[in-house]
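Remarks on the structure that follows.
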Amino acid sequence: MTPPDTFIEMARRLAREGAGAACDLEADRLMARARQLPTPRARTLRRAAIGLTIAARELYALSPGGPLPAFRPIGLRGAVAAGSLALARGRTRRAELIGLAAAAAAPDSPAGLRLAGQALFAQGRFEPAVRALTAAIARDPFDAFTRALHAEALVFSGEHEAGWRALSLARARGGEPVALAQALELALRTGALRRAGRRAS
């Protein structure tokens, strides 16, 4: 897992660029939209607004000043960095909430869904993690890292054949995630993932 210090530095840099203010403004926008929509959709937007407000507080704590940029890309990156920091610190529910908020605010970006999937996986909620990561892949089919995470979630959710196929696809795409895919394949062959999955459930 990436150490918290890496995410702190990233979040601090984005906070100095105004990511906290961008998240705050987007949270207000989502809350205003929620007031005009039917209950189920409004509830989703209100929850997203809360998640972005939490991300904004985290970012303000790192750097209270800065300009007021548009939500994308600075605010979105800042929210994901704040959520990744929460995840690295073991605050998985907070990371999930921020990830889902980022996904609601930027529905065409895979970043929020990938973060939510990682947070769900860390909580041992493997089937919802698979759904979040599947949705992230739909937004960016060429993101090999998300594909490797998706394969891992499939295996832990008990979908071993689908996990194997997803691992093969992640490896075929090449790049940095190949090492993760190879490690997962080795763990699957030796039965380590099955044992870990049983312990987690």
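Looking across the stretch 19-41, the residues that are among the small types (G, A, S) and under 17 Å from I98 (Cα atoms) come down to A19, G20, A21, A22, A27. For the stretch 55-68, a residue qualifies if it is crowded, with 16+ Cβ neighbours inside 10 Å and either assigned to a loop (DSSP other than H, G, I, E, B) or in contact with a strand residue (DSSP E or B) (Cβ under 8 Å, 6 or more places away or on another chain) (or both), and the qualifying residues are S63, G66. For the stretch 102-119, a tally of residues being in a loop (DSSP other than H, G, I, E, B) and either among the polar types (S, T, N, Q) or under 18 Å from A153 (Cβ atoms) (or both) returns 2.
Within the stretch 107-131, can you find the residues that are touching a His at 6+ places or on another chain (Cβ under 9 Å) and hydrophobic (A, V, I, L, M, F, W, C)? Of everything in the stretch 107-131, those that are touching a His at 6+ places or on another chain (Cβ under 9 Å) and hydrophobic (A, V, I, L, M, F, W, C) turn out to be A129, V130. Checking E9, E26, E17 one by one, the residue that is assigned by TED's automatic domain parsing to the domain that holds S84 and under 30 Å from A183 (Cα atoms) is E9 and no other. The single condition from (1) outside any loop (DSSP other than H, G, I, E, B); (2) farther than 26 Å from T134 by Cα that L52 fails is (2). Per this entry, R93 is not counted among residues that are of a type in the set (K, R), surrounded by fewer than 24 Cβ atoms within 10 Å (Cβ to Cβ), farther than 20 Å from L133 by Cβ and more than 8 Å from the chain's Cα centre (by Cα).
G99 meets the conditions (1) in a helix (DSSP H, G or I); (2) modelled with pLDDT under 95; (3) out of contact with any Phe, Trp or Tyr (no Cβ under 9 Å at 6 or more places or on another chain) in every case but one. The failed one is (2). Close contacts from the stretch 22-42, counting a first residue that is closer than 22 Å to G66 by Cβ and a second that is not in a helix (DSSP H, G or I), with Cβ to Cβ under 8 Å and a gap of 6+ residues or different chains, come to A22/L68; A22/P69; A22/A70; L25/L68.
Results for (1) of a type in the set (D, E, K, R); (2) at pLDDT 80 or above, shown as yes or no for each residue.
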site	(1), (2)
A138	no, yes
D143	yes, yes
A151	no, yes
E159	yes, yes
R165	yes, yes
P177	no, no
E185	yes, no
G197	no, no
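With respect to G112, determine if the residue is outside the structural domain of L25 (by TED's automatic domain parsing), buried (at least 19 other Cβ atoms within 10 Å of the Cβ) and more than 20 Å from E9 (Cα to Cα). Spelling it out, it is not the case that G112 is outside the structural domain of L25 (by TED's automatic domain parsing), buried (at least 19 other Cβ atoms within 10 Å of the Cβ) and more than 20 Å from E9 (Cα to Cα).
Among residues of the stretch 112-138 that are without any contact (Cβ under 8 Å) to a residue 24 or more places away in the chain and closer than 24 Å to C23 by Cβ, those with a Cβ under 6 angstrom from a residue that is among the small types (G, A, S) and assigned to a helix (DSSP H, G or I), sequence gap 6+ or separate chain, pair up as A116/G99; A116/A132; L133/G117; L133/A153.
The set of residues in the stretch 69-96 being without any contact (Cβ under 8 Å) to a residue 60 or more places away in the chain and part of a loop (DSSP other than H, G, I, E, B) consists of P69, A70, G90, R91.
Checked against the criteria, L25 does not count as under 19 Å from the mean Cα position of the chain (by Cα), hydrophobic (A, V, I, L, M, F, W, C) and assigned to a helix (DSSP H, G or I).
The values are calculated or read from the model by the stated rules, or taken from the named source; none is laboratory data. Please read these numbers as outputs of a predicted model, since none were measured by experiment. Don't worry about glycine lacking a Cβ; one is built from the backbone with ideal geometry, like all the others, and counts go over all protein chains shown.
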